Amino acid sequence: MPIQRLHAGPRMSQVVIHNKTVYLAGQVTTGAPGKGVAEQTKDILSIIDGLLAEAKTDKSRLLSATIWLTNMATFAEMNQIWDRWVVAGSTPARATVLSPQLASPEYKIEIAVVAAQP
């Protein structure tokens, strides 16, 4: 089976597709750095929607998600956005973990997902 890479860089690819499975790198905000978790979550989920569309799939086909938060006190705030975004009946397996610092102090959340292609 061939491996397809989208937005490949020297250290990582944003998307890797193999055997009809789509792996997204951890996504951080590009439009809301330094803002609150709700704003960053909305931005990241929008980025994920775009990357999944490029990979010819969508959030209804999510298999798993990993979410890193720099402060677990923001868990409920993130979940309010997440719950409106995921497709009812198609929620992925999910882990949410505490990471005291992400790649930059302006990031409060990072999300990585795996999805199936149709």
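The values are calculated or read from the model by the stated rules, or taken from the named source; none is laboratory data. Values in this document were obtained by computation on a predicted structure and should not be read as measured data. FYI the Cβ positions are ideal-geometry reconstructions off the backbone, even for glycines, and counts take in every protein chain you see. Surface areas here come from the heavy atoms of the whole protein model, side chains and all, with no ligands, DNA or RNA. Shrake-Rupley method; radii C 1.70, N 1.55, O 1.52, S 1.80 Å.
Which members of segment 1-52 meet the condition of being basic (Lys, Arg) and under 19 Å from Ile109 (Cα atoms)?
Lys35, Lys42
Within segment 17-44, the residues that satisfy the criterion of being buried (at least 19 other Cβ atoms within 10 Å of the Cβ), among the aliphatic types (A, V, I, L, M) and outside any loop (DSSP other than H, G, I, E, B) are Ile17, Val22, Leu24, Val37, Ile44.
When Leu69, Leu98 are checked against the criterion of being touching a strand residue (DSSP E or B) at 6+ places or on another chain (Cβ under 9 Å) and surrounded by 13 or more Cβ atoms within 10 Å (Cβ to Cβ), a single residue qualifies: Leu69.
For first residues located in segment 1-30 and under 17 Å from Leu62 (Cβ atoms), partners that are open to solvent by 100 Å² or more (accessible area, probe 1.4 Å) and of a type in the set (D, E, K, R) and lie 6+ apart or on another chain with Cβ distances below 6 Å form the pairs Val16/Arg5.
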